[in-house]
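One structure is given below, encoded as structure tokens.
The values are calculated or read from the model by the stated rules, or taken from the named source; none is laboratory data. Predicted, not measured: the structure shown is a model, and the values here were computed from it. Cβ coordinates were reconstructed from backbone atoms using ideal geometry, including for glycine residues, and neighbour counts include every protein chain displayed.
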């Protein structure tokens, strides 16, 4: 049976002011599927995600969520539809860890305490900072909080921007394991990364270069592609 | 010694009043990153409404609050939508807001002249029954004590709103990380409009008591209140509403003591302190990160 498309990005272009960064990009994330967006620094990964979410205006093309055109829908309304966008700055430093978790589900606080317990089960390190300000967390702990906030939101679609940037391999593994929890819950994800560790959770891979899609295929096809393999999976 | 104590006690009351006078300005800056230069004019309008209610119905100022707060909350909500969202779409909302609210300020001052004339007006102290309140041996006028009590109550309400309600959580989220708040589903216009309404209502509430504790009401004193409020929030920390209290305490003590010991300097020394704070700690006494000037 064919999977239903959750996110469809069709010939999408965006950028900053008059400067166009993303050119005619198309991608599809189906239900229960993870698409890994690979690309070097400056390739346009973050810009593409910001364009999809609505921080940057569309210069062409469209974005559809569950079949509905959301290209010009307000960012907060997209969030209320169940679309969660996370970047490395997705925390509130001057709020406590608990308040940060609460902010992830302000529009649906059902079973808040159970969700918090679940986050602390996945990230026991966070529990001791429950009532402390997030500004006191280390870089790794902040990443845990970012992912913890995603777990709280229980999104219908997750857009995750470079979850491993600045993290040690140990922390990166911890993050991918926690994303597997989301995957097991059936959450469709679009993850931008440079780290191929994330192919563990992805069915599809797309590569961006200078704002254009230069590869799109399955995870195994990406590994077999010589250029991509040498650029991202190591020479061998 | 008695003068020293007198200044100390008076300054406490000044601090309570100045806190509430300036708080709204900081709330608006924190949430919307705009500067409402017409803040003082809203305070003056609140004062005129209280005087009108006292003259027409004999309302004492505390009773007047029941009218002033909802009226100015509504005015704030109504003004927000045509003014603020457009400002925030501009390349430099802070500078644009300076210019726009400068115009609003002068329009309001002109309106006040048309409606109320240019002469000074005040509420009568005898609107309150005399009560004997003694602080450190200094007997306080009832109007001053009520002003301070209402100010402290208003501060407590703002604290409750910001730290104990869901709306307050969203308001703080906007102050800390606007982009993230949007991604979390916060309706920026709705939350900002409410904060703007609160800000105007707070200014007008301070205005109800201003003629007791500071200056008699006239159309031209709005600028003075805007200036004092601006100094207070810069001393405390721009964008941090609760730091307003710290700024108000510093400003009030500088003002209170110079008024007792060197009255000619009372309008100068607080601003010398402001300059010193900007030079030594541009982020304000409670600010965490230096602002770019």
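General observations
- On inspection, residue B:24 qualifies as at pLDDT 95 or above and either touching a helix residue (DSSP H, G or I) at 6+ places or on another chain (Cβ under 7 Å) or outside any helix (DSSP H, G or I) (or both).
- Residues in the stretch A:1-12 that are surrounded by fewer than 18 Cβ atoms within 10 Å (Cβ to Cβ) and more than 16 Å from residue A:183 (Cβ to Cβ): A:1, A:2, A:4, A:5, A:10, A:11.
- Condition check for residue A:3: assigned to a loop (DSSP other than H, G, I, E, B) and either modelled with pLDDT of 95 or more or in contact with a strand residue (DSSP E or B) (Cβ under 9 Å, 6 or more places away or on another chain) (or both): yes
- Matching residues in the stretch A:192-226 - criterion: being under 21 Å from residue A:50 (Cβ atoms) and without any contact (Cβ under 8 Å) to a residue 40 or more places away in the chain: A:195, A:214
- Filter result for residue B:44 (surrounded by 13 or more Cβ atoms within 10 Å (Cβ to Cβ), touching a helix residue (DSSP H, G or I) at 6+ places or on another chain (Cβ under 9 Å) and farther than 20 Å from residue B:219 by Cβ): no
- If you filter the stretch B:183-221 down to residues that are in contact with a strand residue (DSSP E or B) (Cβ under 9 Å, 6 or more places away or on another chain) and more than 14 Å from chain A (Cβ to nearest Cβ), you find that the one that is nearest to residue B:113 (Cα to Cα) is B:218.
- Among the conditions (1) surrounded by 15 or more Cβ atoms within 10 Å (Cβ to Cβ); (2) under 30 Å from residue A:121 (Cβ atoms), residue A:208 misses just one, which is (2).
- Qualifying positions in the stretch B:193-208 - buried (at least 24 other Cβ atoms within 10 Å of the Cβ) and closer than 30 Å to residue A:50 by Cβ: B:195, B:196
- Wholly within the stretch B:59-177, helices (runs of 4 or more DSSP H) carrying at least 2 residues that are surrounded by 13 or more Cβ atoms within 10 Å (Cβ to Cβ) and more than 14 Å from chain A (Cβ to nearest Cβ): B:61-88, B:93-116, B:142-164
- In the stretch A:34-144, counting only helices (runs of 4 or more DSSP H) that sit wholly within it, the ones holding 3 or more residues that are crowded, with 17+ Cβ neighbours inside 10 Å and at the interface with chain B (Cβ under 10 Å from one of its Cβ atoms) span A:75-81, A:97-103.
- Restricting A:179, A:167 to those that are touching a helix residue (DSSP H, G or I) at 6+ places or on another chain (Cβ under 9 Å), crowded, with 18+ Cβ neighbours inside 10 Å and within 14 Å of residue A:36 (Cα to Cα) reduces the list to A:179.
- Condition check for residue B:222: in a helix (DSSP H, G or I), within 13 Å of the chain's Cα centre (by Cα) and under 28 Å from residue B:50 (Cβ atoms): yes
- Checklist (1) over 15 Å from the mean Cα position of the chain (by Cα); (2) closer than 23 Å to residue A:27 by Cβ applied to residue A:158, failing item: (1)
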